[in-house]
Amino acid sequence: MPRVAFISFEYPPAVAIGGIGTYAWEASRMLANSGVSVEVFSAGLPIDEPATAYGIEVHRIDAPDRATFREKVVSVFATRHAKSPFDLIESPEIGAEGARIAVSFPELTVIGKLHTPSYLVGVLGYDPPTVLERLRFRLGGLRRGRWAGLKKATYSREHDPEWQFIHHADGIAAPSQAIADRLTADWDLNPEHISVFPLPFQPDPALLELPIPQRVQTIGFLGRLEARKGVVEIARSIPRILSQAPELRFRFLGPSWPYRNGDMETWIRNHCRSVLNRITFVGALSRDQLPAELGRCDVILLPSRWENFPFACWEAMASGRAVISSSAGGMAEVIQHGVSGLLVPPQSPEAITASVLSLVEHSERVAQFGAAGRQRVLERLAPDRILPLQLASYERAIARARQRR
């Protein structure tokens, strides 16, 4: 088996931002439990590492952001590689965190893991300026003595370090067919270099112990409150839903992110001011708080504009909640519409409204979707199922690296 180094800015508990760190934690444990020698190079200050209980050595680099981490990790890696050489490094595309190591040590096999690259995050989170915002911008230009117009930034992939890193990796791992297809088209990737298989997911036992709801009382959202997660569309659907089902309540579980010269929670409060007494903003959650908060919800809304392979969805399904998710991206590759959840088209408050009200009217489907969704993630995302797929992708990349060398 290869000796593997994970190069990841995110790795809990020191740096726990989102799905990238969750994946690195799940995958490193999965590999270590199978006998693979795994070490992790991540950001943060040295702490008592829970990963050591699984035989995983963690090297922390004091770096405030991904760009700094990309530079500083090289010397730390070089010292360790000289003492105990690695065969393979794996790193996410975002931030091109493993790029400098890949260049400095061409003898290594390099795996690029697709999460969601920065250019795509920008596309998905972009909202055209409102008429008022355009007017203010132009008036500001006139005051400065020139006519000004708002222009959307152009993107050049050849100058994108993330594109460069993935384009020259020996192997590309895609958690969903959706991200593989999108980046094959946008980044002109070689399909023969891409391995498509899900991310491993081992649910917290506390999620599996939650009783499955029998009817709809509280609708939840889990994740960062940002435009690309479909939060704007949820907010626009709330007054419509409550006009027909005033007994319902809404809970937003997650931190508020910048939006429209403010933040998303403020924008939602302004948009839904007439029904604010039926909306709760919980804020950021720790891992320990998650089961209890999901237990306060009966249905989880995840209508992202596009999503690769979000752990928030699998956590909601494992908790036995009925999930209404976006049909755009990787969630649709796990959720069976009408069997283990509901799928709605992206950017459609009307579809969100109709789906929620259908569960209110047919309450027996809440328990059906909750039970089927829980079973679905346990079967499809089990580490025992993912492990041979991941190891096979490593072997293919190692063979290509031999040819390259």
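Things worth noting here:
- So Ser319, is it out of contact with any His (no Cβ under 7 Å at 6 or more places or on another chain), under 30 Å from Ala173 (Cα atoms) and either modelled with pLDDT of 95 or more or open to solvent by 20 Å² or more (accessible area, probe 1.4 Å) (or both): yes
- All of Phe86, Phe69, Phe77 fail the test of being in contact with a strand residue (DSSP E or B) (Cβ under 7 Å, 6 or more places away or on another chain), at pLDDT 95 or above, hydrophobic (A, V, I, L, M, F, W, C) and under 14 Å from Ile20 (Cβ atoms), apart from Phe69.
- Checked against (1) over 22 Å from Glu247 (Cα atoms); (2) free of Cβ contacts under 8 Å to residues at least 24 places away in the same chain; (3) of a type in the set (Ser, Thr, Tyr), Ser340 passes all but a single condition, namely (2).
- Options Ala14, Ala5: the member that is in contact with a Gly (Cβ under 9 Å, 6 or more places away or on another chain) and open to solvent by 40 Å² or more (accessible area, probe 1.4 Å): Ala14
- Across region 98-120, the number of residues qualifying as within 21 Å of Val196 (Cβ to Cβ) and either in a helix (DSSP H, G or I) or open to solvent by 40 Å² or more (accessible area, probe 1.4 Å) (or both) comes to 2.
- Test for Gln202: is it more than 27 Å from Ala292 (Cα to Cα) and either modelled with pLDDT of 95 or more or open to solvent by less than 70 Å² (accessible area, probe 1.4 Å) (or both): no
- Residues of region 300-311 that are within 8 Å of the chain's Cα centre (by Cα) and buried (at least 24 other Cβ atoms within 10 Å of the Cβ): Glu307, Phe309, Pro310.
- Of the strands (runs of 3 or more DSSP E) lying entirely inside region 1-97, those containing at least 2 residues that are within 24 Å of Gly223 (Cβ to Cβ) span 38-43, 88-92.
- Checked against (1) modelled with pLDDT of 95 or more; (2) open to solvent by 60 Å² or more (accessible area, probe 1.4 Å), Leu150 meets all criteria but (1).
- Whenever a residue of region 97-117 is without any contact (Cβ under 8 Å) to a residue 40 or more places away in the chain and over 23 Å from Met1 (Cα atoms), its partners that are charged (D, E, K, R) and surrounded by 20 or more Cβ atoms within 10 Å (Cβ to Cβ), lying with C-beta atoms within less than 9 angstrom and at least six residues away or across chains, give the pairs Arg100/Arg70.
- Matching entry among Arg224, Arg215 (being open to solvent by 10 Å² or more (accessible area, probe 1.4 Å) and closer than 26 Å to Gln375 by Cβ): Arg215
The values are calculated or read from the model by the stated rules, or taken from the named source; none is laboratory data. If you're wondering where the values come from, they're calculated on a predicted model, not measured in any experiment. No Cβ is skipped: glycine too gets one built from the backbone with ideal geometry, and neighbour counts run over all protein chains shown. Side chains are part of the model used for accessible areas, which takes the heavy atoms of the whole protein and leaves out ligands, DNA and RNA. Shrake-Rupley method; radii C 1.70, N 1.55, O 1.52, S 1.80 Å.
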